[in-house]
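Novice: Submitted below is the structure of interest, expressed as structure tokens.
The values are calculated or read from the model by the stated rules, or taken from the named source; none is laboratory data. Predicted model, so just to flag it, every value in this text is computed and none were measured. Cβ atoms come from the backbone with ideal geometry, glycine included; neighbour counts cover every protein chain shown. For accessibility, only protein heavy atoms count, side chains too; no ligands or nucleic acids. Shrake-Rupley method; radii C 1.70, N 1.55, O 1.52, S 1.80 Å.
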Amino acid sequence: MKEPVTRIIAVSNRLPIHLVHGPDGLEIKPGEGGLVTALAPVFRNRGGVWIGWSGGSDDDDLAGLLEPASREAGYRLYPVPLSVDEVCDYYYGFSNEVIWPLFHDLQTRCNFKPRYWQQYLNVNRKFAEITTKHSAETDYIWVHDYHLMYMAKSLRELGVERNTGFFLHIPFPPADIFMKLPWRAHILRALLEYELVGFQTMRDRKNFIQCLRYISSDIRISGRGSVVTVIVGDKRVRVGAFPISIDYDAFARDAESKEVADLAWYLHEALPNRQVILGVDRLDYTKGIPERLEAFKDALSRFPELQGKTTLVQVVVPSREEVPEYQTLRAELYRLVGEINGQFTRSGWVPIHYLYRSLDRSELLAYYRLAEIALITPLKDGMNLVAKEYCACNLEENGVLILSEFAGVAAHLHRNAIMVNPYDVEGMSNAIREAFHMDRTERHNRMHKLREIVHHRDIFWWVNNFLEAAIAKDLRAFPALEEYMPDITIGI
Ligand code: ADQ
């Protein structure tokens, strides 16, 4: 019989920090992205530990820098040092040139280099070794995302006994796409070494189970509902759908603050008598940004009543800028924005406001609050937290959500959003027109229901659901830091 779990250890590719070169050398900033946004409120002050790569080179001296970051974060941070070769082949190579495009159904973008796979195995083993060093048998090891699918198997190979769970933040592809992966059986068998494997949606879970049938005919499934037990030969793993969410109350409360309200008013005053259409994405080819710009262009051409009456504010957060494909995308976006603005701008009206930078929280929330329409059209997305954040911040309940059918979040929000196929430019353009003309009552009814759904299933609901399935405990079982772990330290 195993000891009861007393502490949670999160393991992810990146620590929830961001290293930047400032005038006085390296500085630390809080990280961005879905995983950080999702887990930070959960770990803060609960004695948690987070293990991951700092994002820097293996000889950075991080001890002095991580100390204050750790204090501020409210949980311990243990870095995994990675060499330049490891970053190249495990992170840029296997994770971002193989798994990322394949799992987003874009297999023609994959680069299946054998040396990437070898480095993926090496780095997963390194993560396993560092996790072993900083954990005990009573800890629950919660591994995040596609960079570390092999980690439970690495722990086993090291002969280490730990209770492990895995959550995949991106989609799991259908079998006919997944089976193109040269190392498909290795990945599937590695995932079977976790005690619990979580996906964003039931569709992802179904795809995973379907793939397992390709490697074994001896499969049994027991149980019903969102978490089932899958028995493959002598392996037994629990597999579930856990749609990730946001800290709804924090978003709604902050959106209500005077600072955000004033900023929202000021930003909208600069765009008088116009409906603001908002797009917010990381720079990534899966987010469907060029297709969205084409749709806006099509809408301006076919529905001239939108000219002068709508402004598309497209925010793009720089991401993976060292990768040539992302540089190409960035150039394409500049070209498209220039082309559309060049064609339609007239005195007093510029159709697209393009912001290529990370916004601070108040500014992001102000845009969420002021936008009459949110245009969220990824080609494929594990969940998409921006859609949920927009709803939480839409305090006036007058916003319309236009949403891609291929975002995980569509499973919950499809009834009250306007659903689109992100590959269908004319369909998206029609949706923009429909949103523009939607009357006040319908906007209110739809947004009210959307907000209820997001509120009901927030980030705490998500964590509790995962932990219930993993260790039959919820967050209340992990007391605030002051109660049982008074020293906040950073270990290297
Ligand atoms: P991402 O692909 O990063 O995450 P998403 O879910 O949209 O996608 O999260 C982006 C996060 O970045 C949001 O929380 C948002 O607030 C923040 N952000 C966006 N623009 C910003 C800006 N300009 N300035 C500051 N912050 C900004 C991956 C998967 C998703 C999955 C998440 C969580 O690809 O499908 O939803 O993990 O599991």
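Novice: What are the extents of the Cα atoms of the chain along their three principal axes, listed from largest to smallest and rounded to whole Å?
Specialist: Principal extents (largest minus smallest coordinate, Cα): 69, 52, 42 Å.
Novice: Which one of A392, V409, F303 has its Cα pushed farthest toward the positive end of the charge dipole of the range 248-456, where Lys and Arg give +1 and Asp and Glu give -1 at the Cβ?
Specialist: Ranked along the dipole, the leading option is F303.
Novice: Tell me the per residue accessible area of the chain using a 1.4 Å probe; a whole number in Å² is fine.
Specialist: In whole numbers, the chain has 41 Å² accessible per residue.
Novice: Quick check: at a probe of 1.4 Å, how many percent of the accessible area of the chain sits on carbon and sulfur atoms?
Specialist: 49 percent
Novice: Leaving ligands, DNA and RNA out of it, rank T138, T131, T328, T108 by accessible area with a 1.4 Å probe, largest first.
Specialist: Output order, biggest surface exposure first: T108, T328, T138, T131.
Novice: Taking a 20 Å limit on the Cα-Cα distance, which of the listed pairs K113/K235; K449/K473; K180/K206; K258/K388 fall beyond it?
Specialist: The answer is K113/K235; K449/K473; K258/K388.
Novice: If the cut-off is 17 Å between C-alpha atoms, which lysines fall inside it for K126, apart from same-chain ones fewer than 8 positions away?
Specialist: Hits, sequence-local ones excluded: K153.
Novice: Just to verify a number: what accessible area does I28 come out at with the full protein assembly present, 1.4 Å probe, Å² rounded to tens?
Specialist: Approximately 40 Å² for this residue.
Novice: Okay, moving on. Please give me, ordered by residue number, the GluC sites (Glu not before Pro) of the range 292-380 that lie in loop per DSSP and have at most 14 other Cβ atoms within 10 Å.
Specialist: Counting only loop positions with at most 14 other Cβ atoms within 10 Å, the GluC sites (Glu not before Pro) in the range 292-380 are E321, E322.
Novice: Now for a different question. I'd like the accessible area for K235, computed on protein heavy atoms only with a 1.4 Å probe and all protein chains in place. Round to 10 Å², please.
Specialist: Surface accessible to solvent at K235 totals approximately 70 Å².
Novice: Still on this structure, I have one more. So for the range 340-453, taking the charge dipole from beta-carbon charges (+1 Lys/Arg, -1 Asp/Glu), which of I432, I340, Y354 sits furthest toward the positive end?
Specialist: Going by the charge dipole, the pick is Y354.
Novice: Just read off the accessible area of Y334 with the full protein assembly in place, 1.4 Å probe, to the nearest 10 Å².
Specialist: Surface open to solvent at Y334 totals about 120 Å².
Novice: Got a sec? What order do H147, H186 fall in by accessible area at 1.4 Å, biggest, i.e. largest, first?
Specialist: H186, H147
Novice: Go ahead and collect, in residue order, the members of the range 296-336 whose backbone nitrogen is under 11 Å from a label point 7 Å along the Cα-Cβ direction of L355.
Specialist: Once the point is set 7 Å along Cα→Cβ of L355, 313-317 turn out to lie under 11 Å by backbone N, inside the range 296-336.
Novice: Another one. What number, in percent, do you get for the relative contact order of the range 248-456 if the mean sequence gap of Cα pairs under 8 Å and at least 6 apart is divided by its residue count?
Specialist: Relative contact order of the range 248-456: 27 percent.
Novice: Could you size up the charge dipole of the range 129-216 around its Cα centre, putting +1 on the beta carbon of Lys and Arg and -1 on that of Asp and Glu, and report it in debye to the nearest 20?
Specialist: Computed charge dipole of the range 129-216: roughly 440 debye.
Novice: Counting pairs of alpha carbon atoms under 8 Å apart in space and at least six apart in sequence, what relative contact order in percent does the chain give?
Specialist: Reported relative contact order: 15 percent.
Novice: If C88, C110, C391 are ordered by their accessible area, calculated over protein heavy atoms with a 1.4 Å probe, which sequence runs from highest to lowest?
Specialist: If we order C88, C110, C391 from most to least accessible, we get C88, C110, C391.
Novice: Let me ask something additional. Which trypsin sites (Lys or Arg not before Pro) from the range 294-358 combine a DSSP loop assignment with at most 10 other Cβ atoms within 10 Å?
Specialist: R357
Novice: Hey, got the dipole for the chain? About the Cα centre, +1 on K and R Cβ, -1 on D and E Cβ, debye to the nearest 20?
Specialist: That gives the chain a dipole magnitude of about 1500 debye.
Novice: Using +1 on the beta carbon of Lys and Arg, -1 on that of Asp and Glu, and nothing else charged, what's the dipole of the range 248-456 about the Cα centre, debye to 20?
Specialist: 220 debye
Novice: I've got another one for you. According to the square roots a ≥ b ≥ c of the eigenvalues of the Cα gyration tensor, what is the shape class of the range 248-456, taking rounded for a/c under 1.5, prolate for a/b larger than b/c otherwise, and oblate for the remainder?
Specialist: rounded
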